[in-house]
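Q: Sending over a structure as structure tokens; questions will come in a sec.
What follows draws every value from the coordinates through simple rules; no lab data is involved. These numbers come from a predicted model, not from an experiment. Note that we place each Cβ from the backbone using ideal geometry, even for glycine, and neighbour counts take in every protein chain shown.
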């Protein structure tokens, strides 16, 4: 109803009308950090970015100083030259699905965010167990009890840029007309294992989950996530080069 919204998430639709049109959604949230206030103001959502974050690394790791000695390279090549101190790795009890499940569950529970308040979930990863389905399908098991199956998003794969692309997509979703007032959830995780050589010390394992929405303490400048500002140059070689010049 125009000009009257009570205890519900609302989206303001700007148009040629004399005054903003306040559209009420079916989701009802209260006192949630980053959520839209009961009477939303006209215009774009402000200060869209990362509201909360959860990080997980496996308990097992290789000391990079010892790896320097094992590989027979100069002292400091990995620890100083690459800035690495430890390289995490998974046991046979962990995989990419368990890493991502851990960070998502901890993020929502520790911040008391109900699963039904998430409207988008995107995973940036190049670690694949089942090529027929996304890691997101496994994470959706956490949403079953809440009854929330209406969650946009899918996996994004493109070397180290997959997680960045997932974050940009989430921010763009909140700032777009597709946004329904709920949070976006971004998960980036990988298990990188390389053979002996120069690439091995850059490996590791871990995952991070980020809650994205308006009024965020760590906000992204509006417009920085569009292709005109961020150019990703990919060629069919042995690596992917990303130019984040802006």
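Q: For a quick check: sort 105, 68 by the number of other beta carbons within 10 angstrom, fewest at the front.
A: 105, 68
Q: Can you give me the Cα centroid spacing of the range 80-125 and the range 149-173 in angstrom?
A: 14
Q: Determine the gain in length on full extension of the stretch residue 176-residue 111; use 0.36 nm per residue of separation and subtract their C-alpha separation, reporting nm with one decimal.
A: Between residue 176 and residue 111, full extension yields 20.9 nm more.
Q: Okay, moving on. Just order 199-212, 179-192 by mean Cβ neighbour count inside 10 Å, highest at the front, would you?
A: In descending order of packing, they fall as 179-192, 199-212.
Q: Once both labels are modelled 7 Å past Cα along the beta-carbon direction, what's the residue 55-residue 69 spacing in nm?
A: So the two model labels end up 2.7 nm from each other.
Q: List 160, 90 from most exposed to least, where exposure is judged by having the fewest other Cβ atoms within 10 Å.
A: Lowest to highest Cβ neighbour count: 160, 90.
Q: Tell me, 178, 219 in order of fewest to most beta-carbon neighbours within 10 Å?
A: 178, 219
Q: Another question, then. Note down the nm distance, to one decimal, between modelled labels 7 Å out along Cα→Cβ at residue 131 and at residue 196.
A: Roughly 3.0 nm, to one decimal.
Q: Further question on the same structure: If packing is taken as the average count of other Cβ atoms within 10 Å, what order do 166-176, 49-59 fall into, highest mean first?
A: Going from most to least packed, we get 166-176, 49-59.
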